[in-house]
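*Asks:* Mind having a look at this structure? Questions to follow.
Bear in mind these aren't lab numbers, they're just calculated from the coordinates by the rules spelled out. Quick caveat, the model's predicted, so the values are computed rather than measured. Methodologically, a virtual Cβ is constructed for each residue, glycine included, from the backbone with ideal geometry; neighbour enumeration extends over all protein chains shown.
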Amino acid sequence: MQHSTREFKLLLSVKLFIIVIITTLFVFHFLDLKIYLFSKNLDGYFSLFFIKIINPIAKIFNPSVVFPLSLLILILAKSLKKVLKNQQKLLIVTKRLGVQKEVLLSSLNYYLLIIKHVIFSIILTGLVLHLLKYILGVSRPKYYFNHDYERYNFFNIEHRVNSLPSGHTQAAFTIAILFILYFNRYNVLFLILATFIGISRIFMSAHFPSDIIMGAYVGAFFPIILYKLKFRNDFLSFNKQKFIDFNVFLKLICIRFFI
């Protein structure tokens with residue numbers, strides 16, 4: 001893993017927040033319906049691409065998958081950390097993986113911190129997202145067009161009127177920003193994929209464009225603010241220590257089943 005050193009100043013800026021709010025309001029009032037209806041008249045290949053290819057990918061990079069997987073890795077890593085207090089078992093593991101004891105232990109603590117950040121990011125962004133959905137009460141396209149729902153109905157918990165912000169888009173950008181932060185490779189690819197996942201929600205008749213804009217912002221903003229406020233100093237304490245690669249860390253987690 002190549003931990004990113006960028007500051008994400010633009011993402012955390014008040015200027016971007018204001019731009020996102022103004023853009024969301026403008027699109028909501030003037031472009032949402034037009035863009036949504038335009039998407040329905042596009043060539044069938046566009047719909048097939050987003051529905052048959054992008055939407056299944058969205059189901060993989062979803063908190064319902066990533067969260068329990070991260071939680072499982074966290075439990076196994078914590079358990080392994082306790083086991084490795086036994087010097088004999090620690091020696092067996094270091095020989096099997098071909099790494100020094102100090103590198104192994106510091107790597108375990110490093111990846112534990114990353115996993116904690118992933119888990120807290122998913123929880124925090126999810127809470128903020130659902131609070132906004134409840135407050136704003138924006139109708140989903142298929143219910144607005146086909147069932148005569150009002151465009152918005154504030155403070156409404158009904159699933160049919162919790163369109164803004166988009167949850168799938170939020171999830172996609174949360175995962176994307178975490179990949180960018182900790183892998184620091186293929187950044188543009190992750191952002192494009194997250195954007196495509198957001199657009200796919202329009203083709204699935206689940207969201208309007210303004211939902212996508214706000215969902216993307218919420219998904220990207222809160223993992224970084226959480227990193228800055230809670231996790232950054234902990235990562236700095238590692239200084240420039242050497243760590244095992246992520247694939248070696250996964251092997252280390254698997255070893256837990258055998259020791």
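*Asks:* Using only the Cα atoms of segment 87-155, what semi-axes does the equivalent ellipsoid have when each is the square root of 5 times a gyration tensor eigenvalue? Give whole Å, largest first.
*Replies:* 52, 12, 7
*Asks:* Take the chain, compute every pairwise Cα distance, and split them into 10 Å bins from 0; I just need the percent in each bin.
*Replies:* 7, 27, 30, 19, 11, 5, 1
*Asks:* By average Cβ neighbour count within 10 Å, what is the ranking of 49-59, 146-156 from highest down?
*Replies:* Sorting 49-59, 146-156 by mean packing, highest first, produces 49-59, 146-156.
*Asks:* Could you give me the percent of Cα pairs per 10 Å distance bin for segment 211-259, shortest bin first, beginning at zero and ending with the bin that holds the maximum distance?
*Replies:* For segment 211-259, the pair-distance distribution reads 20, 24, 32, 21, 3.
*Asks:* Based on a Kirkwood Rh over C-alpha pairs, give the Stokes-Einstein translational diffusion coefficient of segment 1-114 at 4 °C and viscosity 1.567 mPa s in µm²/s.
*Replies:* 66 µm²/s
*Asks:* Here is a further query. On a 0 to 90° scale, report how tilted helix 63-83 is relative to the longest principal axis of the chain, with both axes built from alpha carbons and the result rounded to the nearest 10.
*Replies:* The angle comes out at about 10 degrees.
*Asks:* Taking the convex hull of the alpha carbon atoms in segment 114-243, what volume per residue do you get, in Å³?
*Replies:* 94 Å³
*Asks:* Output the 0 to 90 degree angle, nearest 10, between the alpha-carbon long axis of helix 101-136 and the longest principal axis computed from the alpha carbons of the chain.
*Replies:* 20 degrees
*Asks:* Apply the Karplus parameterisation 6.51 cos²θ - 1.76 cosθ + 1.60, with θ equal to phi minus 60°, to every residue of segment 170-180 and state each ³J(HN,Hα) to the nearest whole Hz, in sequence, with x for glycine and proline.
*Replies:* For segment 170-180, the Karplus-derived couplings read 4, 4, 4, 6, 5, 5, 4, 5, 5, 4, 4 Hz, x marking Gly and Pro.
*Asks:* Please give the Cα centre distance for segment 46-86 versus segment 120-152, rounded to the nearest Å.
*Replies:* 24 Å
*Asks:* Can you give me the convex hull volume of the Cα atoms of segment 56-129, divided per residue and expressed in Å³?
*Replies:* Enclosed volume per residue, from the Cα hull, is 98 Å³.
*Asks:* Quote the relative contact order of segment 131-222 in percent (integer), defining contacts as alpha-carbon pairs under 8 Å separated by 6+ residues.
*Replies:* Values: 149 pairs, mean separation 30.9, N = 92.
That works out to 34 percent.
*Asks:* Roughly how many nanometres apart are two label points built 7 Å out from the Cα toward the Cβ at Y134 and F235?
*Replies:* Spacing of the two 7 Å Cα→Cβ label points: 3.1 nm.
*Asks:* Take the alpha-carbon centre of segment 231-259, take the same for segment 167-227, and report the distance between them in whole Å.
*Replies:* 26 Å
*Asks:* Go ahead and estimate [θ] at 222 nm for the chain from helices alone: -39,500 (n - 2.57) per DSSP H run with n ≥ 4, summed, over the residue count, rounded to 500. Kindly include the intermediate steps, with their values, before the conclusion.
*Replies:* Numbers: 14 runs with 177 residues, N = 259.
After summing the helix terms and dividing by residue count, I get -21500 deg cm²/dmol.
*Asks:* Let me ask something else about it. Quick one: which residues, 5 or more positions from Y152 or on another chain, have an amide H under 5 Å from its amide H? H modelled 1.01 Å from N in the peptide plane, none for Pro or chain starts.
*Replies:* The answer is S139.
*Asks:* To test your reading of the geometry: what angle, between 0 and 90 degrees and rounded to tens, separates the Cα axis of helix 87-97 from the longest principal axis of the chain?
*Replies:* 60 degrees
*Asks:* When only C-alpha pairs under 8 Å and at least 6 residues apart count, what is the relative contact order of the chain, in percent?
*Replies:* About 31 percent, as a whole number.
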